[in-house]
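Colleague: Below you'll find the structure I mean.
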Amino acid sequence: MSLTLPNPPKKVDTRLGVMARWFTNTNPGLRRFWHPVAALEALDGSGPFSVRLLGEDWVLFHGTDGWTVIGETCPHRLAPLTEGTVIDGRLECAYHGWCFDDTGTCVTIPALGEAATIPPTAAAAKPFGVSERYGLIWVALDEPVTDIPVLAEWDDERFGKALMAPQTWNASAAQMADNFLDVAHFPFTHLGTIGDPDDREVHPYSVEREDGPESDGPGWRFKAVHKHSSKVFDDATSGATDEFTVFERTMTFVCDGPHHVYLHIAYGDAGDLVLAFYHQPVDDDTTTLYCRILAENIADGRATPDDHIGFQEKVGLEDRTLLETLKTKAVPLDPGTETHTRADRTTVELRRILADVHALGVAAPTGLGGGTAVHSPVAPADISPPAANYAHARLSEGATRSLHTSGVVPIGPDGSVPADLQAQADVIWANIKAMLRDAAMTPTDVVSVTTYVTPGLDLGPIMATRDQALDGNLAASTLVVVPELARPEWLMEIAIVAEAG
């Protein structure tokens, strides 16, 4: 049975409901990641500066040990500390003069005198961490599960720098990353810049997801390499649409969870170009983009930082104009909400990462890339290679417990369909049911199950196994037949989400 969802609302709240079907800028899992909140070149003075992150208000100022971020509200009479003054590295509230240090601790209450004992509750909120990298100030509200993304070219003398001014878009960070990772929109969205109108077909490419710590589950980064036809740099920057020269350029994408995108472009004789797109999820409707541009032709003097900034602003405006027309400022987590093709490998993998971010919830870090591992998958000895295996299995503990898991059947070693495909599907379902038991759940707790298959497979026995495993709970089941799965070596994937109070 196919799952039909209603039209998405304009505003989506993922903090309440049982099953968050849409990933917004205030998803609780985002608290476990680093986010940029300011560009140093845009700051004038020591602050205080207002910062909004994941819908929460904070204040940024230069303290005695450097830039720091604390809660925006004074604990005395809840006055906004953004109205205060930085004096000798301490932030003084404009209402009663309470002073706060880098850690948010109140160190002075003028009305009580110098020798007064300061109440321990007289402290502003403090995020888990504040860091400075690539000319940006980064904040992690809770203990992060991964580090700030790597940008090796930042310290490479072969590359010159161009720093775009921060831009605030009416779109979610996940939507913006989805756009920056998309390889099929160039000949349509970017006709005025890089797009070649004759280069419409997306040729096969692969996506590689890194393993997590100790190879126990997937990590928070994936990489993809894609080649396509593009206008040469000079024609792309000039906006030529009638007569222009094209060449095949190689694009290397790296996505760091939750939604930071690194793009390396080999521009032939014009040299290599690196674009780093870092996103600040401001609230459910808005995201601030920080783009770091690194180019060889800046370092050697053939182009200026302003050349690149002007060009990237044109490209970005083409994307922004389209994205801001989308009514829902979120990305759906349920695979059945959208139609995916083999051209969407990068953006499908992004959705996998977003689902894993959501699965983090309020769970404590375990080194698994989120949640708690549940059950060790078993492949019986009488199952021929490749044995059924799992992409991930994570349990998040909170007000609502959430289990995310998926199993795949790969192509055989010789490239053929395994003769015991049915048996391998049975193993997947046996393991899924075992993981449900280990998580103190039953098939009735399954809220979503999506089976992806390629054409030509005998689906009857496979679906019968699914129906039996779900104990007739078919309302949550979706069958998707696609030309190819997210990875070309896969024949079938079964993905489930279970929720329990």
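Colleague: If you go through the range 434-477 one residue at a time, how many are small (Gly, Ala, Ser) and surrounded by fewer than 20 Cβ atoms within 10 Å (Cβ to Cβ)?
Modeller: 7
Colleague: Among the residues of the range 173-199 satisfying the criterion of being modelled with pLDDT of 70 or more and assigned to a loop (DSSP other than H, G, I, E, B), which is surrounded by the most Cβ atoms within 10 Å (Cβ to Cβ)?
Modeller: Once the filter is applied, the top-ranked residue is Thr193.
Colleague: Then there's this: Considering only the range 204-223, I want to know if a residue exists there that is under 20 Å from the mean Cα position of the chain (by Cα), surrounded by fewer than 21 Cβ atoms within 10 Å (Cβ to Cβ) and at pLDDT 95 or above.
Modeller: no
Colleague: Restricting to the range 251-283, what's the tally of residues that are part of a strand (DSSP E or B) and either among the β-branched types (Val, Ile, Thr) or out of contact with any strand residue (DSSP E or B) (no Cβ under 7 Å at 6 or more places or on another chain) (or both)?
Modeller: 5
Colleague: Let me ask something else. If we keep just the residues of the range 416-431 that are of a type in the set (S, T, N, Q) and in a helix (DSSP H, G or I), which is nearest to Leu403 (Cα to Cα)?
Modeller: Asn431
Colleague: So, one more: Out of curiosity, is Ala475 in a loop (DSSP other than H, G, I, E, B), at pLDDT below 75 and within 16 Å of Pro335 (Cβ to Cβ)? Can you show your working first?
Modeller: Numbers: in a loop (DSSP other than H, G, I, E, B): yes; at pLDDT below 75: yes; within 16 Å of Pro335 (Cβ to Cβ): yes.
Here the answer is yes, as Ala475 does meet what is asked.
Colleague: Which pairs do you get when a residue that is farther than 18 Å from Val497 by Cα, found in the range 414-435, comes within reach of a residue that is part of a helix (DSSP H, G or I) and hydrophobic (A, V, I, L, M, F, W, C), reach meaning Cβ atoms under 7 angstrom, with the pair 6+ apart or on two chains?
Modeller: Once the first residue is farther than 18 Å from Val497 by Cα and sits in the range 414-435, its partners that are part of a helix (DSSP H, G or I) and hydrophobic (A, V, I, L, M, F, W, C) give Gln422/Ile462.
Colleague: Consider Glu499 carefully, then state whether it is among the charged types (D, E, K, R), at pLDDT 75 or above and under 20 Å from Leu350 (Cα atoms).
Modeller: Here the answer is no, as Glu499 does not meet what is asked.
Colleague: Could I ask something else about it? Please enumerate the residues belonging to the range 277-296 that are of a type outside the set (Ser, Thr, Tyr) and either without any contact (Cβ under 8 Å) to a residue 60 or more places away in the chain or touching a Pro at 6+ places or on another chain (Cβ under 6 Å) (or both).
Modeller: Our first condition is that a residue be of a type outside the set (Ser, Thr, Tyr); within the range 277-296, this holds for 277, 279-285, 289, 291-296.
Hit for the range 277-296 is Gln280, nothing else.
Colleague: It is to be established whether one or more residues within the range 328-337 are basic (Lys, Arg), at pLDDT 90 or above and under 20 Å from Asn179 (Cβ atoms).
Modeller: Taking every residue of the range 328-337 in turn, at least one turns out to be basic (Lys, Arg), at pLDDT 90 or above and under 20 Å from Asn179 (Cβ atoms).
Colleague: Further question on the same structure: Is there any pair linking a residue in the range 108-137 that is at positive phi and at pLDDT 90 or above to one that is of a type outside the set (A, V, I, L, M, F, W, C) and not in a strand (DSSP E or B), with Cβ under 8 Å and at least six apart or on different chains, and which?
Modeller: Cβ pairs passing all conditions: Gly135/Glu41.
Colleague: Follow-up. Give Ile118, Ile109 a once-over and let me know the one that is surrounded by fewer than 17 Cβ atoms within 10 Å (Cβ to Cβ), among the β-branched types (Val, Ile, Thr) and either within 29 Å of His35 (Cα to Cα) or over 34 Å from the mean Cα position of the chain (by Cα) (or both).
Modeller: Working: Ile109 fails: surrounded by fewer than 17 Cβ atoms within 10 Å (Cβ to Cβ).
Testing whether each residue is surrounded by fewer than 17 Cβ atoms within 10 Å (Cβ to Cβ), among the β-branched types (Val, Ile, Thr) and either within 29 Å of His35 (Cα to Cα) or over 34 Å from the mean Cα position of the chain (by Cα) (or both) leaves just Ile118.
Colleague: A follow-up question, please. Looking only at residues that are polar (S, T, N, Q) and at pLDDT below 95 in the range 226-285, which one is surrounded by the fewest Cβ atoms within 10 Å (Cβ to Cβ)?
Modeller: This residue is Thr245.
Colleague: Test Asp57 against the criterion of being part of a strand (DSSP E or B) and either of a type outside the set (Phe, Trp, Tyr) or not assigned by TED's automatic domain parsing to the domain that holds Met164 (or both), and give yes or no. Break it down stepwise before answering.
Modeller: Working: part of a strand (DSSP E or B): yes; either of a type outside the set (Phe, Trp, Tyr) or not assigned by TED's automatic domain parsing to the domain that holds Met164 (or both): yes.
So Asp57 passes the test.
Colleague: Looking at Val107 and the list (1) in a strand (DSSP E or B); (2) within 30 Å of Leu354 (Cα to Cα), which single condition is not satisfied?
Modeller: Going through the list (1) in a strand (DSSP E or B); (2) within 30 Å of Leu354 (Cα to Cα), Val107 breaks only (2).
The values are calculated or read from the model by the stated rules, or taken from the named source; none is laboratory data. Quick caveat, the model's predicted, so the values are computed rather than measured. Cβ: placed from backbone, ideal geometry, glycine included. Neighbour counts: every protein chain shown.
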